[in-house]
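Below is one structure, written out as structure tokens; the observations come after it.
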Amino acid sequence: MPTGDRFDRYLLEGERRVLEFTYHWMYLTKPVALLAGSMVVGAALLTVSDQATFAWVVLVGALLWFGLPLLSAIENRAAVRLIITDSRVVFVEGWLARRYGMMPLTKITDLTIHEPVLGRILGYGTIIAESAGQDQALTQIRYLPDPLTAWHTISDLLYVQGAVRPGYRRPDAVDSPFPGPEPTTPSPR
């Protein structure tokens with residue numbers, strides 16, 4: 001679980017970090033596929049073209065056109081964090097231009113997970129947090145690794161640990177190897 005001092009500044013005094021996520025590696029598949037496709041097309045054009053200079057210009061242009069978005073996606077993946085604390089959900093995105101979003105746990109009325117078939121196989125999905133009558137900054141978070149863990153953690157903080165009670169602070173566990181809430185027993189259904 002990635003943690004670091006540069007994300008601690010988004011936490012409030014006395015707030016405890018329960019879970020932290022960054023995007024799943026599948027976030028990079030589209031820019032990687034576009035770059036690989038442009039390299040294949042450029043190499044094919046280079047081998048069949050009589051004008052090597054034109055083919056090289058097209059290949060280098062395609063590499064720049066599709067390579068820069070890949071570099072941007074790599075740096076954005078490193079700068080994105082979804083931080084679930086004992087009182088709110090914080091989303092930080094971007095390296096140079098930064099976007100912050102926050103939703104108090106008490107405002108979450110509905111929590112939905114969408115896992116496509118490939119997401120179930122590779123371990124990623126989308127979590128959708130809704131609140132009563134408002135559009136929030138954290139409506140959908142895509143490419144979340146292990147979204148079921150985030151869902152269980154938020155549900156545990158809301159309904160088991162009592163985050164819906166104002167002023168409730170769960171005590172820090174001493175010598176606990178698991179940084180989040182204690183695991184709950186799943187329903188037998």
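A short reminder: the numbers here are calculations on the coordinates, not readings from a lab. No experiment lies behind these values; they were computed from the predicted model shown. FYI the Cβ positions are ideal-geometry reconstructions off the backbone, even for glycines, and counts take in every protein chain you see.
Side notes on the structure shown:
- Over segment 28-76, Cα pairs under 8 Å with separation of 6+ residues give a relative contact order of 52 percent.
- For Gly125, residues with placed amide H under 5 Å, excluding near neighbours: Tyr143, Leu144, Asp146
- Radius of gyration over Kirkwood radius for segment 1-121, both on Cα atoms: the Rg/Rh ratio is 1.17.
- Loop sites in segment 3-87: trypsin sites (Lys or Arg not before Pro), DSSP, at most 11 other Cβ within 10 Å: Arg9
- Across segment 85-90, rounded Karplus estimates of 3J(HN,Hα) from the backbone phi angles (6.51 cos²θ - 1.76 cosθ + 1.60, θ = phi - 60°) give 10, 6, 9, 7, 10, 10 Hz, Gly and Pro being marked x.
- Given R0 = 45 Å, the distance between the Cβ atoms of Trp65 and Leu111 translates into a calculated FRET efficiency of 0.70.
- Per-peptide packing, taken as the mean over residues of other Cβ atoms within 10 Å, places 36-43, 89-96 in the sequence 89-96, 36-43 from highest down.
- Here the label points at Ala78 and Leu122, each 7 Å from Cα along the C-beta direction, are separated by 2.1 nm in the simple model.
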